[in-house]
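Trainee: Below: one structure in structure tokens.
The values are calculated or read from the model by the stated rules, or taken from the named source; none is laboratory data. These numbers were taken from a predicted model, which means no experiment stands behind them. With ideal geometry, Cβ positions are generated from the backbone for all residues, glycine too; neighbour counts draw on all protein chains shown. Ligands, DNA and RNA are excluded from the accessible area calculation, which covers all protein heavy atoms including side chains. Shrake-Rupley method; radii C 1.70, N 1.55, O 1.52, S 1.80 Å.
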Amino acid sequence: MASTAINVNGQEYAVPVDAADESIKLLWVLRHDLGLTGTKFGCGLAECGACTVLLDGAPIRACITPLAMAVGKKVTTIEGIAPSADELHPVQQAWVEVGVPQCGYCQSGQIMEAVALLDKNPSPSDDEIREGMAGHLCRCGTYTRIFTAVQLAATMKKG
């Protein structure tokens, strides 16, 4: 069986699948082959955002992304954004302080989108936050808290 090398959260992995097989999606490699279950399966159609990870810093939907697209690039998952095991990423810290999650299912994707947004634009306007976070569905309806947490994270990253 062929194997494929990918870089996830700064570490090189050899996964026991052939990247040339377009049916193999990044999400399943992350969850099943690497055990990184923080990235969630939601709709499978790239509509809900639960599976959002960063590919070379850009948010992508892992449920529809062929593994081949990750080869030679850096994949970052929710497990890889904290600076250390003892410290949360500012976005994660803001999520906790604001009390965003209810069921929590969409939260890793929301957090990854917010990380990408703030890396690209450290001081987003309210409209830029709304636009940047659009496309993520939250069944619990915590959108107001998500918005507040992104605002808080932006101030935390500055300070």
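Trainee: Starting from residues that are polar (S, T, N, Q) and modelled with pLDDT of 95 or more, keep the ones in the range 1-22 and report whichever is surrounded by the most Cβ atoms within 10 Å (Cβ to Cβ).
Mentor: Looking at residues that are polar (S, T, N, Q) and modelled with pLDDT of 95 or more, I get 9.
Trainee: In addition: Quickly run through the range 26-47 and pick out the residues that are over 15 Å from residue 137 (Cα atoms), without any contact (Cβ under 8 Å) to a residue 60 or more places away in the chain and either open to solvent by 50 Å² or more (accessible area, probe 1.4 Å) or assigned to a loop (DSSP other than H, G, I, E, B) (or both).
Mentor: Matches in the range 26-47: 28, 31, 32, 33, 34, 35, 36, 37.
Trainee: Give all pairs with beta carbons closer than 9 Å in which a residue from the range 139-159 that is closer than 15 Å to residue 125 by Cα and of a type in the set (Phe, Trp, Tyr) meets a residue that is open to solvent by 50 Å² or more (accessible area, probe 1.4 Å) and in a helix (DSSP H, G or I); count only pairs at least 6 apart in sequence or on separate chains.
Mentor: These pairs meet every condition: 147/126; 147/130.
Trainee: Taking the range 66-81 only, how many residues are open to solvent by 10 Å² or more (accessible area, probe 1.4 Å) and either over 25 Å from residue 95 (Cα atoms) or not in a loop (DSSP other than H, G, I, E, B) (or both)?
Mentor: Residues that pass the stated criteria total 11.
Trainee: While we're here: Among the candidates 109, 132, single out the residue that is touching a Lys or Arg at 6+ places or on another chain (Cβ under 9 Å) and without any contact (Cβ under 8 Å) to a residue 60 or more places away in the chain.
Mentor: 132 is the lone residue from the list that is touching a Lys or Arg at 6+ places or on another chain (Cβ under 9 Å) and without any contact (Cβ under 8 Å) to a residue 60 or more places away in the chain.
Trainee: Within the range 138-154, can one find any residue that is open to solvent by 30 Å² or more (accessible area, probe 1.4 Å) and charged (D, E, K, R)?
Mentor: Yes: the range 138-154 contains one or more residues that are open to solvent by 30 Å² or more (accessible area, probe 1.4 Å) and charged (D, E, K, R).
Trainee: Scan the range 60-99 for residues that are in contact (Cβ under 8 Å) with a residue 40 or more places away in the chain, of a type outside the set (A, V, I, L, M, F, W, C) and touching a Ser or Thr at 6+ places or on another chain (Cβ under 7 Å) and jot them down.
Mentor: 77
Trainee: In the range 92-123, which residues are farther than 23 Å from residue 43 by Cβ and either among the hydroxyl-bearing types (Ser, Thr, Tyr) or open to solvent by less than 20 Å² (accessible area, probe 1.4 Å) (or both)?
Mentor: Residues satisfying the conditions are 94, 118, 123.
Trainee: Report every pair of residues separated by at least 6 positions or lying on different chains whose Cβ atoms are under 7 Å apart, first residue within the range 6-17 and over 17 Å from residue 82 (Cα atoms), second among the hydroxyl-bearing types (Ser, Thr, Tyr) and not in a strand (DSSP E or B).
Mentor: Filtered contacts from the range 6-17: 14/3; 15/3; 16/3.
Trainee: Let me ask something additional. Let me confirm something: among 53, 91, 71, which residue is aliphatic (A, V, I, L, M) and over 23 Å from residue 12 (Cα atoms)?
Mentor: Numbers: 53 fails: over 23 Å from residue 12 (Cα atoms); 71 fails: over 23 Å from residue 12 (Cα atoms).
None of the others qualify; the one that does is 91.
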